Amino acid sequence: MIRNKSIGWVLLLALGALLAIPNAQGKPQAAKKKAKPVAAEASPAPEATPALEPKAIEILKAASSRLAAAHTLTFNAVEFFEGASRHGHPVAFATKSEVTLQRPDKLRVITSADGPASEFYYDGKKMMAYAPAENLVAVADAPATIEAALEAAYHSAAIYFPFTDLIVADPYKDMAEGLQLAYYIGQSKVVGETTTDMVAYVDNGVFVQIWIGAEDKLPRLLHAIYLNDPEQLRHNLILSDWQLDVAVPEETFSSSKAASANPMPFAHPHPTPPPDAPPEKGKPAKPHH
C-alpha cells in the first residue's frame, strides 16, 4: 500500500517556517549553557520485509487452486503487447483468444489478431494448428495432458499462448520454482467491474502485476515486463467471461474444416536463425505463474 506522506510534509514545512522567523526584538539571545550530550538510546533495527509476503502468496495460491479445481474452463484472453517500430517507438499489437479446455487432455484456442488468425485443437491424442486465411493445417501426435501438449507445441513449432501458465494442472507449483519476490499492493474496484486484489511478483526474471477477484479468485488483468529487456516493453493480458465446470460438447476439440485444409509441417517457423541474428527471446511474459 502507498503510505500517506502528507503528515511528513506538514511537519517539514512547519519546521522550515520556525527556522525562518527572525528574532522579534532584533537582539541576539543569550547563550545557553550547553547541556551534556545524552547518549542516544539504540533503536531496534526495522524488521526486514519478507521477499515473499504471506498475504500475496495466499492470494496467488487461492487463484491457482480455483483454476486447478475446475474440470472445464472457458474464458476470453485479450493480449496487448509492445514491439519496437521502425522509428524506434514502442507500438502495441493485440490478440484475442477464445479458450476452452477440459482437464486433463483437451484444449481449443481460437485466436483473432492484429495479424493472421489461428486455431489450435488438442483432443488428447493429436494437436492441430490451423491458419484459416491461408487454409493451411499442421497436425502432430500429442502427449496425454494439456501441459505436456503445450510444452511439445512450444518446442516443436514455437506455439505459445500468453495464458499458458493459467491452465496447467497446478499453476502455483509451476510458478513457485522461479518466484523471487511477491507483495500485496491493495484493492481495485475498477478492473473487471469487480473488487480485485492487486499483487506484484517477480517470476523467472519477469515482473508481473496481477488483479485477482477478491471473491471469486479469478484473474482479471496481468501487466508484465521482462526485467532484462533494455526497452522495457510491456505485455498486458485482459481476462474475461470466465465459466467454470460447464458442459462442453465433445466436438469442441476438433474441426473437420481444419482437418481438410492443405497440410504443412508441424515445425518451428524459423528453425535456423540467419547469421548474426540476435538471440531469440524467451517465452512471452508469463501472465500468472
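Among residues other than E147 with Cβ under 13 Å from its Cβ, the summed charge is -2 (Lys and Arg +1, Asp and Glu -1).
In order along region 217-225, the Karplus-derived 3J(HN,Hα) couplings, from 6.51 cos²θ - 1.76 cosθ + 1.60 at θ = phi - 60°, round to 6, 9, x, 10, 8, 10, 10, 9, 9 Hz, and Gly and Pro are given as x.
Please list the three semi-axes, largest first and in whole Å, of the ellipsoid equivalent to region 164-238, using sqrt of 5 times the eigenvalues of its alpha carbon gyration tensor.
Working through the eigenvalues yields semi-axes of 20, 16, 11 Å.
Where does region 104-163 land on Rg(C-alpha)/(2.2 N^0.38 Å)? Cα Rg divided by the expected 2.2 N^0.38 Å: 1.06.
What you get for region 145-200, charging only the Cβ of Lys and Arg (+1) and of Asp and Glu (-1), is a dipole of about 160 debye around the Cα centre.
Each residue of region 261-266 was assigned a 3J(HN,Hα) from its phi angle through the Karplus curve 6.51 cos²θ - 1.76 cosθ + 1.60 (θ = phi - 60°); the sequence is 6, 5, x, 9, x, 8 Hz, with glycine and proline shown as x. Close amide H contacts of L181 (hydrogens built in the peptide plane, cut-off under 5 Å, sequence separation of 5 or more or a different chain): V202.
Against the empirical curve 2.2 N^0.38 Å, the C-alpha radius of gyration of region 87-128 lands at a ratio of 1.57. Going by the alpha-carbon gyration tensor, a ≥ b ≥ c the square roots of its eigenvalues, is region 82-187 rounded (a/c under 1.5) or, if a/c is not under 1.5, prolate (a/b greater than b/c) versus oblate? It is oblate, given that a/c is not under 1.5 and a/b is not larger than b/c. Accessible surface ranking for E151, E82, 1.4 angstrom probe, highest first: E151, E82.
Centroid-to-centroid, using Cα positions, region 145-188 and region 62-78 are 12 Å apart. Scanning residues 5 or more positions from A117 or on other chains, those with amide H under 5 Å from its amide H are A133, with H placed 1.01 Å from N in the peptide plane.
Distances between placed amide hydrogens fall under 5 Å for T195 paired with A214, all partners being 5 or more residues away or on another chain. For region 112-238, take the convex hull of the Cα atoms, compute a quarter of its surface area, and give me that in nm², please. Taking the Cα atoms of region 112-238, their convex hull projects to 9.8 nm² on average. When peptides 250-263, 49-62 are sorted by average Cβ neighbour count within 10 Å, with the highest value leading, the order is 49-62, 250-263.
Of all accessible surface on region 140-273 at a 1.4 Å probe, what whole percent is carbon and sulfur? Exposed carbon and sulfur together represent 54 percent of the surface. Packing around the peptides 89-97, 240-248, taken as the average count of other Cβ atoms within 10 Å per residue, puts them in this order, highest first: 89-97, 240-248.
The values are calculated or read from the model by the stated rules, or taken from the named source; none is laboratory data. Quick caveat, the model's predicted, so the values are computed rather than measured. A quick note on method: Cβ atoms are made from the backbone with ideal geometry, for glycine too, and the neighbour counts reach across all protein chains shown. Remember, those area values only see protein heavy atoms, side chains included, never the ligands or the DNA or RNA. Shrake-Rupley method; radii C 1.70, N 1.55, O 1.52, S 1.80 Å.
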